[in-house]
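Engineer: Please read through the structure below; I'll follow up with questions.
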Amino acid sequence: MAEVTGSATQEDLLQVQSDVSRLQLTVQRMQSNLEGSASASTGRSREQMAQIEQRVASLSRQIEALTASMASLNSRVDELTSRLDNQARQSRAAPPAVSPPAPRPVTPASPAPLALPAGAGVPAPSSGIATLPPGARSTTSAPGAPDMYQAAYIDFSKGSYPLAIIGFREFLRRYPEHALAGNAQYWIGEAQLGLARSQANAGQADRTTQALEQAVQEFRKVVANYPRSGKAPAALYKEALTLIELKQPAVAQARLQYLVDNFPQAAEASLAREQLTALKDR
């Protein structure tokens, strides 16, 4: 009886050992499967992250290219607008052309050839091209000016305000009479506002106030130095808004009224009227 019991116990032990071995193998397989799944998942995650990073980089490059294109187009629009304004002013200022009377045909009294005075020559036909007087030069169509203006405007559009200010100042130094000079002066004021916003976000209150005050001065130069510029109304309006931010409502009100009185047809005039009403209601 004991042998039977012992034999049964030994068989049971062998069965248990066999079961344990199978379980161990199963656990090992499961662990290897889990590790394989984890590594595959990690690999897929890394691949997905790499793809996402590539897409983000591609989108960033596209955004930069679009920003540069927009800056180029905006500067081109500014240039064309200024040229049209110049042409319109020149056409209004130029006196009407008077056609000279047609010469009467002269019939010679005799077939003998007419003798010319001594030293007289036959005048060369006019080419119709107006030439500048000696020493005069035109900066309105200087070939390097649009490129310099566009480079400064691209810096401005990217938020590189100090570089934009330097570029526009250099443009004004080289081409003070260019059709885009008023626009360049206006964008210097806008760049100062951009600096003020950046300094305000950084918690630099003193430097923010200095940048706002400088923006007022730059906008004021547009009206003072380029009163016929297409940016003059916008400069007046931005100057007034900056004065309001500087807690100078009385001066802002005077500038807004000047805008309404001198540029009543400008788009900024209606905005100025709204601001005047808001200031009076305070």
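The values are calculated or read from the model by the stated rules, or taken from the named source; none is laboratory data. Note that the coordinates shown come from a computational prediction; the quantities given were computed from them, not determined experimentally. Heads up, the Cβs are rebuilt from the backbone with ideal geometry, glycines too, and the neighbour counts pull from every protein chain shown.
Engineer: Being of a type in the set (Val, Ile, Thr) and within 21 Å of the chain's Cα centre (by Cα) is the filter; apply it to the stretch 206-232 and report the residue that is farthest from Glu268 (Cα to Cα).
Structural biologist: Among those residues, the one meeting the criterion is Val216.
Engineer: Is there a residue in the stretch 242-252 that is over 20 Å from Gln192 (Cα atoms), surrounded by fewer than 22 Cβ atoms within 10 Å (Cβ to Cβ) and of a type in the set (S, T, N, Q)?
Structural biologist: Taking every residue of the stretch 242-252 in turn, none turns out to be over 20 Å from Gln192 (Cα atoms), surrounded by fewer than 22 Cβ atoms within 10 Å (Cβ to Cβ) and of a type in the set (S, T, N, Q).
Engineer: Thr209 - would you say it is out of contact with any strand residue (DSSP E or B) (no Cβ under 7 Å at 6 or more places or on another chain) and at pLDDT below 95?
Structural biologist: no
Engineer: Something else: Condition test on Glu177, is it out of contact with any helix residue (DSSP H, G or I) (no Cβ under 6 Å at 6 or more places or on another chain), closer than 21 Å to Ala152 by Cβ, in a loop (DSSP other than H, G, I, E, B) and not aliphatic (A, V, I, L, M)?
Structural biologist: Taking the combined requirement at face value, the residue satisfies it.
Engineer: Quick check on the stretch 227-241: of everything there that is among the aliphatic types (A, V, I, L, M) and touching a Gly at 6+ places or on another chain (Cβ under 8 Å), which residue is surrounded by the most Cβ atoms within 10 Å (Cβ to Cβ)?
Structural biologist: Ala235
Engineer: Next up: Within 18 Å of Leu241 (Cα to Cα), out of contact with any Gly (no Cβ under 6 Å at 6 or more places or on another chain) and surrounded by fewer than 16 Cβ atoms within 10 Å (Cβ to Cβ): which single residue out of Gln192, Gln210 fits that description?
Structural biologist: Going through Gln192, Gln210 in turn, the sole match is Gln210.
Engineer: For Ala224, indicate whether it is at pLDDT 95 or above, surrounded by fewer than 19 Cβ atoms within 10 Å (Cβ to Cβ) and of a type in the set (Gly, Ala, Ser). Please lay out each step first, then the result.
Structural biologist: On the way: at pLDDT 95 or above: yes; surrounded by fewer than 19 Cβ atoms within 10 Å (Cβ to Cβ): yes; of a type in the set (Gly, Ala, Ser): yes.
Against the criterion (at pLDDT 95 or above, surrounded by fewer than 19 Cβ atoms within 10 Å (Cβ to Cβ) and of a type in the set (Gly, Ala, Ser)), Ala224 qualifies.
Engineer: Might you check whether a residue that is under 22 Å from the mean Cα position of the chain (by Cα) and under 28 Å from Arg173 (Cα atoms) occurs anywhere in the stretch 242-254?
Structural biologist: Yes: the stretch 242-254 contains one or more residues that are under 22 Å from the mean Cα position of the chain (by Cα) and under 28 Å from Arg173 (Cα atoms).
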